[in-house]
1. Could you pull out every residue, at least 5 positions away or on a different chain, whose amide H is within less than 5 Å of the one on residue 384? Hs are placed 1.01 Å off N in the peptide plane, and Pro or chain starts have none.
2. Need one number: % antiparallel among DSSP beta bridges in the range 318-410, to the nearest 5.
3. Multiply the residue separation of residue 309 and residue 173 by 0.36 nm, subtract the distance between their alpha-carbon atoms, and state the gained length in nm to one decimal.
4. Quick check: net charge around residue 272, other residues with Cβ under 12 Å of its Cβ, Lys/Arg +1 and Asp/Glu -1?
5. For the range 73-211, divide the Cα radius of gyration by the Kirkwood radius and give the resulting Rg/Rh value with two decimals.
6. Give the calculated FRET efficiency between residue 333 and residue 278 to the nearest 0.05, with a Förster radius of 41 Å applied to their Cβ-Cβ distance.
7. Amide H to amide H, which residues 5 or more places from residue 92 or on other chains are under 5 Å from it, using H placed in the peptide plane?
8. Kindly rank 393-400, 319-326 from highest to lowest mean number of other beta carbons found within 10 Å of each residue.
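Read-outs: derived from the displayed coordinates by stated rules, not from any lab. Note that the structure is predicted; figures quoted are calculated from it, not measured. All Cβ positions, glycine included, derive from the backbone under ideal geometry; neighbour counts span all protein chains shown.
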Amino acid sequence: MNIRARLTVLFALLVGSILLLFSLSIYYLFDQYREREFYERLHQNAFATAKVLENVEEGGITEPMLQQIESNYMSFYKGHVTIYLPNNRILHSTDSKREGVSTQFLEQVRSGKEIFRRNGEIEMLGVPYTDNHRRILVVVATAIDRYGFTKLEWLRDILVISWLVSMGIVLLAGWLFASDALRPVSDIIDQVNDISATNINARLRIGRAKDELAKLAMTFNAMLDRLEKAFVLQKNFVSHASHELRTPLTVMMGQVDVALMQPRNVNEYKQALESVLEEGRKMNKLVDGLLELARVSADAATLSFKPIRIDEVLWQGRSRVLQKNPAYRIDIQYKKLPGSEEELIVLGEESLLQMAFQNLMENGCKYSQDHHITVTLNAENDFVQLTFIDQGYGIPTEDLPHLFEPFFRSETTSGIVGHGIGLALTHRILTIHRGQIDVRSTVGTGTTVDVLIPIRKPVLAEKPLAFELDD
């Protein structure tokens, strides 16, 4: 069952139930009113009959009295009255085929209770009456409320027919209402089906700006913005990767072609091979960077996270950078010594964090004339803060939003050897570790990179390496 049919059925059930309850309430209240009104009429006529006969001894009823009694019951259908003496003998009865009443019934009435009973369509009322002789008489009046029952049947038929007609109207109205309510959803579905990779820049039209469907359309548009950005990044990534890989291949092929154009001596061949080897190393470094970027872009659940000391990882990264580039100078300073070792423990992948710190230190030294960078470590609140400061060339303001895009190179550093993968890789690694990175730079003055990594303290659990982020 689709949503439109389900909404129609639910709407019909809800409104139909309300109408049915309303109809039953009307029918029940009218039946109670008919019964109460008929009871009052029987009560009045019973007392009127007893009033006529209160001074009459048994067998002393005259013809005028009988006519008056009969006239009291002219308005009733099959109305009769029977008056019982204290000894349960009948003083008078207008019904020759009367049904006898039990002694228990007469005694209950004689004790002062008025009893109203119904047997099928016949309704009977028994009331006590004390006459002038201090006798407690029992007046039993019976009749059929033909007019009341007729009205009740007409009301029942009217309510049933009205309910059935109303249900038909409700079903139609519910179907139209559901169609109108779901029309924006159908429009959204049609618009989404028209969007593909060829027109990823298309967006959904937002109708009523404040309802939930408008929010759904805005959510879709936000998702499409992210997808378009991912498509553009992927396209640029493939384009830049192809260019970066083709450049060393072109150089290598050119060197080999030149070397093979004519006979060379040993030194010339050696020089050509060394040039090819250098380009091969560059390509190997580029491929390694691409593989690392692909690895950290995969599912983080496959990574092996464990508690590590962030300062030890930082010092290990410094050693590796200096081992490859002895001319670099990297100073590590503690802004405030932590009170305990736990303030420097984070949960993460040691090799990845070390790679991220290496990239930041190496970039700071590479893009500085003095090849010097200062790293400040500070542990407070629930984060470890690392600040990388250099006095290098700086980065233009318009380039800052693109720093973490793969293969992006600023114009100010385009002459320095590099591929533009390091910062993209660092940003991805810190994102996996729920960290943050912020870059502030001024051209000609230098660059400051702030890194925040949350401290995760151990909690008591069955698993020895269960960690959680402090709230």
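1. 453, 455
2. Details: 8 of 15 bridges.
Antiparallel bridges: around 55 percent, rounded to the nearest 5.
3. Details: separation 136, 0.36 × 136 = 48.96 nm, distance 6.78 nm.
Value of the extension gain: 42.2 nm.
4. Working: positive: 264, 270; negative: 257, 268, 274, 278, 279.
Surrounding charge for residue 272 is -3.
5. Values: Rg = 34.9 Å, Rh = 21.7 Å.
Value, to two decimals: 1.61.
6. Numbers: r = 37 Å, r/R0 = 0.89.
For residue 333 and residue 278, the calculated efficiency is 0.65.
7. Result for residue 92 returns 83.
8. Details: 393-400: 15.5, 319-326: 13.1.
Put in order of decreasing packing, that is 393-400, 319-326.
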